[in-house]
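The values are calculated or read from the model by the stated rules, or taken from the named source; none is laboratory data. Small disclaimer: the values here were computed from a predicted structure and weren't measured. Here the Cβ positions follow ideal geometry from the backbone for every residue, glycine too, while neighbour counts run over all protein chains shown.
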Amino acid sequence: MSEDGGAGATGAAVLDPELAGRLKRNADGLLCAVVVDHGTSDVLMVAWMNDEALAHTLATRQATYFSRSRQQLWVKGATSGHTQHVREVRLDCDADTVLLRVDQTGPACHTGTRTCFDSDVLLPDG
């Protein structure tokens, strides 16, 4: 079960060895994934991916992440219906973060808000 109620990914996807060799993972073997709305470029959420989650995302265009609390993969919205169809994936210049541009169905945040950044504005625009 995922952090948003989604089920774990099925079938083991394998990351291309050339890409895998370029990635700079944290001590837990994870990459940061920044997720933005394809149409608006609003930041929706930040999550974590291991190699299998990234491979599954690239193979299926279903946003798939690694739950640090549950130590398992989860496909965003698999049970909640709040899915992310991945339109584009980019690797940053340091190869330690991926950017996912998605078509979001429903709220992106597990709290039910459109994004995970809707609640606390620390420095307003101005």
**Request:** Would you please name the residue that is farthest from residue 36 (Cα to Cα), looking only at residues in the range 60-73 that are out of contact with any Asp or Glu (no Cβ under 9 Å at 6 or more places or on another chain), in contact (Cβ under 8 Å) with a residue 24 or more places away in the chain and not β-branched (Val, Ile, Thr)?
**Result:** 72
**Asked** Among the listed residues 36, 75, which satisfies the condition of being of a type in the set (A, V, I, L, M) and touching a His at 6+ places or on another chain (Cβ under 8 Å)?
**Response** 75
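Say whether the condition of being closer than 15 Å to residue 25 by Cα, in contact with a strand residue (DSSP E or B) (Cβ under 8 Å, 6 or more places away or on another chain) and in contact (Cβ under 8 Å) with a residue 24 or more places away in the chain is met by at least one residue in the range 74-87. Steps first, please.
So in the range 74-87, the residues closer than 15 Å to residue 25 by Cα come out as none.
No, the conditions are met nowhere in the range 74-87.
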**Message:** For the condition on the phi > 0 side of the Ramachandran plot and in contact with a Ser or Thr (Cβ under 6 Å, 6 or more places away or on another chain), what is the one hit in 77, 81?
**Reply:** 77
**Item:** Unmet requirement for residue 119, which otherwise passes all of (1) surrounded by fewer than 19 Cβ atoms within 10 Å (Cβ to Cβ); (2) in contact with a Ser or Thr (Cβ under 9 Å, 6 or more places away or on another chain); (3) assigned to a loop (DSSP other than H, G, I, E, B); (4) touching a residue at least 24 places away in the same chain (Cβ under 8 Å)
**Value:** (4)
**Asked** Out of all the residues in the range 48-71, which are out of contact with any helix residue (DSSP H, G or I) (no Cβ under 9 Å at 6 or more places or on another chain), surrounded by 15 or more Cβ atoms within 10 Å (Cβ to Cβ) and within 25 Å of residue 112 (Cβ to Cβ)?
**Response** 48, 53, 57, 61, 67
**Message:** Please go through the range 24-42 and give me each residue that is within 23 Å of residue 85 (Cα to Cα) and not charged (D, E, K, R), ordered by number.
**Reply:** 30, 31, 32, 33, 34, 35, 36, 38, 39, 40, 41
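Take the residues of the range 75-112 that are polar (S, T, N, Q) and at pLDDT 95 or above: which is nearest to residue 38 (Cα to Cα)?
104
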**Request:** Those residues that are of a type outside the set (Asp, Glu), surrounded by 15 or more Cβ atoms within 10 Å (Cβ to Cβ) and farther than 10 Å from residue 96 by Cα, I need them from the range 19-42; list them, please.
**Result:** 34, 35, 36, 38
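Can you tell me which residues in the range 76-116 are among the polar types (S, T, N, Q) and surrounded by fewer than 12 Cβ atoms within 10 Å (Cβ to Cβ)? First the steps, then the outcome.
Quick first cut of the range 76-116, residues among the polar types (S, T, N, Q) only: 79-80, 83-84, 97, 104-105, 111, 113, 115.
Of everything in the range 76-116, just one residue is among the polar types (S, T, N, Q) and surrounded by fewer than 12 Cβ atoms within 10 Å (Cβ to Cβ), namely 111.
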**The one condition in (1) touching a Phe, Trp or Tyr at 6+ places or on another chain (Cβ under 9 Å); (2) assigned to a strand (DSSP E or B) that residue 26 fails to fulfil** = (2)
